[in-house]
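Dropping a structure here in structure tokens format, bear with me for questions.
Where a number appears in this text, it was derived from the coordinates with a stated rule and is not lab data. Predicted model, so just to flag it, every value in this text is computed and none were measured. Cβ coordinates were reconstructed from backbone atoms using ideal geometry, including for glycine residues, and neighbour counts include every protein chain displayed.
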Amino acid sequence: MSRPRQDPAQATPTPYQGKDGLWHVYVPMGWHPDGRPDRKHLRRKTRREVIQAQRRLEAQRDRGEYIHSSQDTTLGWWATHWLDDILPLAGRKAKTIDGYRSTLRVHVLPHLAGMKLSALTAEVIRSRLIEMKRAGASAHTVAATHRVLRSCLSAAVDSGRLAVNPAKKVQVEKPPEVEVVPLTVDDATCILRTVADRRNGARWSVALSLGLRQGEALGLKWADLDLEAETVVVRRALRRETGRHGCQPDDEGQPTCWTKQGGRCPERTQGGLVTRTPKNNRSRTIPLPPGLGSLLRAHKAAQAAERLQAGFLWSDEDWIFATEFGAPIDPRRDWAEWKEVLRLAGVRDARVHDARHTAATLLLANGVDTRTLMDLMGWTEHRTAQRYAHVIDPMRREAMARMGDVLFGQAE
């Protein structure tokens, strides 16, 4: 009968002086994942120094902060594993992962990819963020980089590859809140007049009245629209995702095709136009405001005429807003159309997303309560609605001023 296995942590090693004149000690740290005992070799000039180093290492072991050398990988390897394996398994959207990948590729990995996770200290991370700020990076960029790196290292802690997350010990400046700048009522009116006779003009009527996100509007199908009840269900979002290389990498891990961009790889995987669940992974039903239903009926009739003209070339995919042959509209094409509409309407330059801000602002200005607004817009956090407070207050004051002119001006 074999003896029971002794826990190496219970052994007490004794320092000794070697032939080289230095003091040595082998500190038991536990077991390797493959079952071999793990011992850490320390050597110092004096017996006192080696005992002090031994006690520090044993304290680290007893607190559970020691990582086996076989699990101590580089930041570059771990970041790739986190992006390609861990986040997709956790259900993160491809657009979110692409944003994380871009942040790490531009601001972190060129400088820290070869560093071991155990060597990644708070001071190293702080120094990198300081370098970014000195190079002219904005507070938003620095904060975003810190946030992504902190999430990446938190996953390493959860996987047992790091004892503590050094990024959590680094504080960065809180970036200023992005100001909401909606279009005015006059701007919205000019846009609606401009798109009245344009192809897919109802697309912008939906944007300004319902406040759908770009992907949500482009992802609408006729099956989602009930013209009798005048309601629409937002079930999906259409977006373009970045492709991945499908070619075999070379010895250095670089793609072997003619391009570095995964979207252009002849053997690419994933990518292209795809539909995903809406943000926050839930659908919502929105009633149509008066007048929008008739515009959508006219749009449906115009699309039916296009379908007859296209004949067998028509792609019957049931999209409400489609190309001349029934295919979904690429978000980049949709963006270009919005810019052209703004130019023709004589309205200031604005993002497609500003139409969503405009819808939310008009709803609040007309007395819609915050809870109802959150349901209509698909928000889950109350602070999102609070971003519109500074915009709404002047509009309310203007409305009351007009009320005063109408009532009390006549009284005088």
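In nm, to one decimal, how far is the modelled label at Arg92 from the one at Glu306, with both set 7 Å along Cα→Cβ?
In this crude spin-label approximation the distance works out to 3.7 nm.
Which value, to two decimals, describes the C-alpha radius of gyration of region 77-159 once divided by 2.2 N^0.38 Å?
Cα Rg divided by the expected 2.2 N^0.38 Å: 1.06.
Still on this structure, please answer the following. For Met29, list long-range residues whose amide hydrogen, built 1.01 Å from N in the peptide plane, is under 5 Å from its own amide hydrogen.
So Met29 has HN proximity to Asp38, Arg39, Lys40.
Provide Leu308, Leu104, Leu117 in ascending order of the number of other Cβ atoms located within 10 Å of each residue's Cβ, fewest first.
Least crowded to most crowded, the residues run Leu308, Leu117, Leu104.
Quick one: angle between helix 47-62 and the longest Cα principal axis of the chain, in degrees between 0 and 90, rounded to 10, please.
Taking the Cα atoms of the chain, the angle to 47-62 is about 40 degrees.
May I ask you to sort Tyr100, Tyr26 by Cβ crowding, counting other Cβ atoms within 10 Å and putting the fewest first?
On the way: Tyr100 20, Tyr26 16.
Neighbour counts put them in this order, fewest first: Tyr26, Tyr100.
Hey, rough spin-label estimate for Ala143 and Thr285, points 7 angstrom out along Cα→Cβ, what's it come to in nanometres?
My value for the distance between the label points is 3.8 nm.
Then there's this: How do 228-237, 268-277 rank on mean C-beta neighbours within 10 Å, highest first?
Per-residue mean Cβ counts within 10 Å order the peptides as 228-237, 268-277.
Follow-up. With every atom except the alpha carbons ignored, what do you get for Rg and Dmax of the chain, in angstroms?
30.1, 109
Going by amide H atoms built from the backbone, whose H comes under 5 Å of the H on Ser283, apart from near neighbours?
Amide H to amide H, under 5 Å and 5 or more residues apart or across chains, Ser283 pairs with nothing.
Expressed in whole Å with the largest first, what are the equivalent ellipsoid semi-axes of region 248-346 derived from the C-alpha gyration tensor as the square root of 5 times each eigenvalue?
Equivalent ellipsoid semi-axes, largest first: 36, 19, 17 Å.
May I pose another question? Please compute the length gained on full extension between Thr73 and Gln386, using 0.36 nm multiplied by the number of residues separating them and subtracting their Cα-Cα distance.
Full extension of this stretch gives 108.3 nm more.
Still on this structure, I have one more. So what is the relative contact order of the chain, in percent, for Cα pairs below 8 Å that sit 6 or more residues apart?
Relative CO of the chain lands at 12 percent.
Which entries of Lys19/Lys45; Lys221/Lys300; Lys93/Lys221 show an alpha-carbon separation above 19 angstrom in the structure shown?
Going by Cα-Cα distance, Lys93/Lys221 fall outside the 19 Å limit.
Working out 0.36 nm times the residue gap between Ala59 and Asp186, then minus their Cα-Cα distance, what length gain in nm do you get to one decimal? Each step should come with its number before you reach the end.
On the way: separation 127, 0.36 × 127 = 45.72 nm, distance 6.88 nm.
Net length gain for the segment: 38.8 nm.
Setting aside same-chain residues fewer than 8 positions from Lys40, which aspartates and glutamates have a Cα under 16 Å from its Cα?
In chain and number order, the partners are Asp7, Glu49, Glu58, Asp62, Glu65, Asp72.
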